[in-house]
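The values are calculated or read from the model by the stated rules, or taken from the named source; none is laboratory data. Everything numeric here is computed off the predicted structure, so don't read it as measured data. For neighbour counting, all protein chains shown are included, and Cβ atoms are generated from backbone atoms with ideal geometry for every residue, glycine included.
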Amino acid sequence: MSSPDLSLADAGERRVRLVGRLRALDLRAVAVVLAIFVTTRLLLLLVIFLSSAAIPMPSGSFGYASADNIVLDGLIRHDSWWYVGIIEHGYTIGDVATGVQGTVTFFPLYPLLVKGVAALTGDVFVAGVVVSQVAFLAALGFLYGLARREYDDETAARAIFYLAAAPSAIFCAAMYTESLFIALVCATFYFSGRRMWEWAAVAGALAAATRNTGVLLAAVIALEGLSQQGLHLRPERMFGATAATTARLWRTHVGRQARVVLASWPSLLAACYVPIGLVAYMAFLGLTFGDPLGFIHAQASWGRSTGAGSILGLGSNITTNLNLGDNIWAGQINTLTLLNLLATLGFAPLVLMAALRLRPAYGVYAALTFFAPLSTGSIGSMARYILMLIPCFLLLAVWGRRSWVDRLVLGVFLPLTAYFALMFSHWYFVG
């Protein structure tokens, strides 16, 4: 049994460490993150307020969250109402035959958090927006810390501004899961980079309970740990003067890499915890609906499927959905498909460059996150899904050191940010 003096000494040492960490907190970084968060949120809210006050809503049987607050109401659109249904009535499995869409495709962490906050606020809509704002602020904080560690303060500031002002950033302000998922992705990268494997495992597992692609963060944690230990797939010299020398080179190399893998056990163990979020949800679906893979099977009720056939049909699907007319300049085109196509083509080179220029964890995550939705044979919602490509925003921030690149990015992003916010708040589907 430890003596009281030792316990007091331990407590005092912990307090000293805590105070030291607080003093080390970079107030300038906090100010930058807060300034960018507030500025970009105000831009979105101003667009929603002015457009909602001046432009009539389209006719239709739409739900409205608040008749007295057009800003709050403008943030509760489309998928937001599916989350409200989950929170108030629970999950449904759906039925392709009857056309009933299953809500089990929406993972549970976000609605659980909103339900918890709603118990305090008394309003599920306010709770949903609050959770999204707090989560996105956390996302910007983690991304700033990540980018500053990798590069510098200026690059970090650009990275979070590009993300906060991305064309589809309205989804990070609305009652959607994007902000929470991005926060957990950034946290996983941040903690992995600092070798804080326990926290990386927690963030990754929570991400896997937020979106189906969250399980990919297991690869991020494992690859980060292996990279930090110096894993190399091939030796510096692949061939020796003789066959015996070549064999000896490879034996030596394999032995060294085996020791690297063993030394990386903390990260590999942490990576094994990430699927817990997914497995827990599968267990719930199994107990509730008798179908642990219900979140996959219900995709059919939303018109999505996966497989080689879906991927091969991607080109024809795009061509069909573009709905090109004889006179494009007269507006004879599906603008939503066009925007998703531009987002896909615009970020494809960034994904490739991330794979070539960044560490394996960044490249693998970017590639898998980019191609996962395309595997359904559709580019639907790609303008929204690119928000999850954090390595691509890091690359953009690095290239943004050149003033012309920075102006080009902002010149493209900011008008589209306003466009997406206006269209979203007026019940037009933009992702």
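Return the residues of the range 383-409 that are over 16 Å from the mean Cα position of the chain (by Cα), among the small types (Gly, Ala, Ser) and in a helix (DSSP H, G or I); say none if nothing qualifies.
Within the range 383-409, 397, 403 qualify.
Anything in the range 410-431 that is under 20 Å from the mean Cα position of the chain (by Cα), under 14 Å from residue 343 (Cα atoms) and not in a loop (DSSP other than H, G, I, E, B)? List them, or say none.
Hits for the range 410-431 are 413, 416, 417, 420.
Quick one: would you say residue 135 is in contact with a helix residue (DSSP H, G or I) (Cβ under 7 Å, 6 or more places away or on another chain) and farther than 18 Å from residue 394 by Cβ?
The answer is yes for residue 135.
Yes or no: residue 22 loosely packed, with under 10 Cβ neighbours inside 10 Å, at pLDDT below 65 and part of a helix (DSSP H, G or I)?
yes
Checking residue 60 against (1) touching a helix residue (DSSP H, G or I) at 6+ places or on another chain (Cβ under 8 Å); (2) loosely packed, with under 15 Cβ neighbours inside 10 Å, which test does it fail?
The one condition residue 60 does not meet is (1).
For residue 31, state whether it is loosely packed, with under 15 Cβ neighbours inside 10 Å, more than 18 Å from residue 417 (Cα to Cα) and touching an Asp or Glu at 6+ places or on another chain (Cβ under 8 Å).
Against the criterion (loosely packed, with under 15 Cβ neighbours inside 10 Å, more than 18 Å from residue 417 (Cα to Cα) and touching an Asp or Glu at 6+ places or on another chain (Cβ under 8 Å)), residue 31 does not qualify.
Take residue 407 and tell me if it is in contact (Cβ under 8 Å) with a residue 40 or more places away in the chain and surrounded by fewer than 16 Cβ atoms within 10 Å (Cβ to Cβ).
Judged against the criteria, residue 407 is not a match.
Could you check the range 26-46 and list, in sequence order, the residues that are charged (D, E, K, R) and within 22 Å of the chain's Cα centre (by Cα)?
The answer is 41, and nothing else.
Any residue at all in the range 50-64 that is assigned by TED's automatic domain parsing to the domain that holds residue 179, hydroxyl-bearing (Ser, Thr, Tyr), part of a loop (DSSP other than H, G, I, E, B) and out of contact with any Asp or Glu (no Cβ under 8 Å at 6 or more places or on another chain)?
Yes, the conditions are met somewhere in the range 50-64.
Give me the helices (runs of 4 or more DSSP H) completely within the range 80-191, filtered to those with at least 2 residues that are among the acidic types (Asp, Glu) and farther than 25 Å from residue 365 by Cα, ordered by residue number.
Those helices (runs of 4 or more DSSP H) do not exist here; none qualify.
Of everything in the range 174-208, what is touching a residue at least 40 places away in the same chain (Cβ under 8 Å), crowded, with 24+ Cβ neighbours inside 10 Å and among the small types (Gly, Ala, Ser)? Give them in sequence order.
174, 179, 183, 187, 192, 200, 201, 204, 205, 207, 208
Step by step: first the residues of the range 147-164, then only those that are of a type in the set (A, V, I, L, M, F, W, C) and more than 15 Å from the chain's Cα centre (by Cα), then the one that is surrounded by the fewest Cβ atoms within 10 Å (Cβ to Cβ). Which residue is that?
157
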